[in-house]
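A quick write-up on the structure given underneath.
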Amino acid sequence: ENRALIRQDLERGLAPNLPYFIVGLEDVKSSLGGLISNLDDHFSYGMIWGQYGNGKSNLMKYLRYYFEQHSESHAKVSIWRADVDRYDIVTFLLYILQNEFESDLLSSLKAVVEDGKISDMCDSNSGSFGAIKGFVDQIAEKIDAEDDLKTLVALGTGKYYDANKFKPYGLQKLTDYNRREVLVFFLNALAYAQHYIIFCIDELEKIQEKSKARFQSFLTTFRELIDLSSSIYGHMILGSITDAVSKTGDHSFDSYNPAFERRIKDYKYELKSIRDLNDIKEMARELVRVLDIAEPDSYDDIANAVYKKISKLRHTSDVVRAVFVQLNQQTGAKTWEDLLAEAKLSEAFEEKRQELKDSGVLSRVDQKLFA
């Protein structure tokens with residue numbers, strides 16, 4: 001039902017919301033496919049790099065749509081923009097569990113208690129998991145008391161943070177340090193009940209733009225999560241970040257957090273702009289299919305016309321728009337530029353655009369629109 005809106009976006013020269021297919025990127029798709037195939041076995045992680053407009057957000061939306069169509073996989077994709085005020089990845093994932101997966105978590109905890117497996121979900125309370133033993137015991141004790149169970153989950157995720165909330169259960173207040181083990185416990189319960197989550201955290205550069213110190217803290221907590229991954233029985237986290245963050249241009253986090261870079265270096269995947277002639281041709285075929293528009297006389301002509309301009313098309317979104325323009329020209333559809341020309345308004349339009357630009361009205365236009 002989005003077809004009309006997608007066509008309008010393309011006609012206006014905007015990047016459309018088109019997560020229905022991924023053209024090219026075979027190496028990235030193969031690598032992510034390998035990670036996803038182990039979703040029910042152990043915790044996986046990856047980082048998507050790419051320039052603006054190369055499809056990072058689109059890839060995440062594609063994954064979400066895919067698993068919505070394949071419910072038999074028991075997997076769900078959760079997409080969140082990076083939060084500049086929640087730069088501890090562990091507490092952010094707990095926040096997501098509370099807000100998006102509370103019902104799944106409650107039913108999963110009931111399953112592990114009923115099957116006598118609750119201690120298995122937290123490494124038999126050994127080592128650092130001993131700090132949350134009282135919390136785990138309270139969940140087992142209150143498993144049939146719905147309101148208490150919801151309160152305990154909220155205490156674990158950090159929704160309830162006040163020390164007084166813990167007192168009715170005879171518990172000491174959980175610290176953010178303890179929440180690392182709480183996250184492992186909750187994720188293992190979900191995996192035991194076959195609820196698998198792919199956490200997609202988009203636009204990580206927003207944290208770096210806000211504060212380099214916050215970004216370093218974010219990477220430190222991400223590294224801590226990776227170090228806990230051997231204790232987690234499933235799930236996956238996928239981050240996305242723009243090229244602008246890398247100071248050296250080599251997609252490295254070394255300048256911010258060398259310890260994180262050592263752990264993530266083999267799990268970084270670059271989304272490059274479409275450049276191959278066959279990929280451009282495939283893009284044209286997919287646009288015709290998805291948008292249900294008339295087929296051109298020749299897909300080769302479409303692809304060749306776009307390929308001639310490829311040096312000026314820096315991003316995949318630019319290629320998509322260029323393909324759409326060529327399709328319209330071959331099939332007789334008119335763009336807004338065509339209609340302006342027919343009405344002899346092109347010159348007046350450009351004059352007005354330049355007048356607005358010179359007046360400064362287009363500067364910081366996003367803020368002016370909201371004002």
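The values are calculated or read from the model by the stated rules, or taken from the named source; none is laboratory data. Computed from a predicted model, the values in this text were never measured in an experiment. Every residue, glycine among them, receives a Cβ derived from its backbone with ideal geometry; neighbour counts consider all protein chains shown. Just the protein is used for accessible areas: all its heavy atoms, side chains included, with ligands, DNA and RNA removed. Shrake-Rupley method; radii C 1.70, N 1.55, O 1.52, S 1.80 Å.
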Qualifying positions in segment 294-313 - under 20 Å from Leu271 (Cβ atoms), open to solvent by less than 60 Å² (accessible area, probe 1.4 Å) and without any contact (Cβ under 8 Å) to a residue 40 or more places away in the chain: Val306, Ile310
Pairs with Cβ under 8 Å, 6+ apart, first in segment 261-279 and farther than 12 Å from His251 by Cβ, second open to solvent by 50 Å² or more (accessible area, probe 1.4 Å) and modelled with pLDDT of 90 or more: Arg263/Arg223; Arg263/Asp227; Leu277/Asn304; Leu277/Tyr307
Residues located in segment 194-203, provided they are closer than 17 Å to Gln98 by Cα and open to solvent by 10 Å² or more (accessible area, probe 1.4 Å): His195, Tyr196
Counted residues, segment 10-36 - those being open to solvent by 20 Å² or more (accessible area, probe 1.4 Å) and modelled with pLDDT of 80 or more: 10
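Residue by residue, here is whether (1) open to solvent by 40 Å² or more (accessible area, probe 1.4 Å); (2) at pLDDT below 90 holds:
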residue: His315; (1), (2): no, yes
residue: Val323; (1), (2): no, no
residue: Lys334; (1), (2): yes, yes
residue: Asp338; (1), (2): yes, yes
residue: Ala343; (1), (2): yes, no
residue: Phe349; (1), (2): yes, no
Asn278 polar (S, T, N, Q) and farther than 30 Å from Phe199 by Cα: yes
Filtered residues of segment 149-182 (kept if closer than 18 Å to Met121 by Cα, in contact (Cβ under 8 Å) with a residue 60 or more places away in the chain and surrounded by fewer than 22 Cβ atoms within 10 Å (Cβ to Cβ)): Arg179
Number of the condition not met by Trp49 [criteria: (1) part of a loop (DSSP other than H, G, I, E, B); (2) within 25 Å of Ile274 (Cβ to Cβ)]: (1)
Residue satisfying condition, being in a helix (DSSP H, G or I) and farther than 19 Å from Gly24 by Cα, within set Leu287, Leu327: Leu327
The one condition in (1) in contact with a Cys (Cβ under 9 Å, 6 or more places away or on another chain); (2) buried (at least 18 other Cβ atoms within 10 Å of the Cβ) that Lys133 fails to fulfil: (2)
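Scan segment 204-223 for residues that are acidic (Asp, Glu) and either at pLDDT 95 or above or open to solvent by less than 10 Å² (accessible area, probe 1.4 Å) (or both) and report the count.
Matching residues across segment 204-223 total 1.
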Residues (touching a helix residue (DSSP H, G or I) at 6+ places or on another chain (Cβ under 8 Å) and more than 19 Å from Glu68 (Cβ to Cβ)) located in segment 1-13: Arg7, Leu10, Glu11, Arg12, Gly13
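Yes/no matrix, rows are residues, columns are (1) under 24 Å from the mean Cα position of the chain (by Cα); (2) not in a helix (DSSP H, G or I):
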{"site": "Ile132", "(1), (2)": "no, no"}
{"site": "Asp137", "(1), (2)": "no, no"}
{"site": "Ile143", "(1), (2)": "no, yes"}
{"site": "Leu152", "(1), (2)": "no, no"}
{"site": "Lys173", "(1), (2)": "no, yes"}
{"site": "Ala191", "(1), (2)": "yes, no"}
{"site": "Gln194", "(1), (2)": "yes, yes"}
Tally of residues being modelled with pLDDT of 90 or more, of a type in the set (Val, Ile, Thr) and open to solvent by 10 Å² or more (accessible area, probe 1.4 Å) across segment 239-274: 0
Residue match in segment 98-119 (condition: among the hydrophobic types (A, V, I, L, M, F, W, C), touching a strand residue (DSSP E or B) at 6+ places or on another chain (Cβ under 8 Å) and closer than 17 Å to Leu190 by Cβ): yes
Residue match in segment 60-80 (condition: crowded, with 21+ Cβ neighbours inside 10 Å, of a type outside the set (A, V, I, L, M, F, W, C) and under 26 Å from His195 (Cβ atoms)): no
Some residue of segment 286-293 being surrounded by 15 or more Cβ atoms within 10 Å (Cβ to Cβ), over 17 Å from Gly53 (Cβ atoms) and without any contact (Cβ under 8 Å) to a residue 12 or more places away in the chain: no
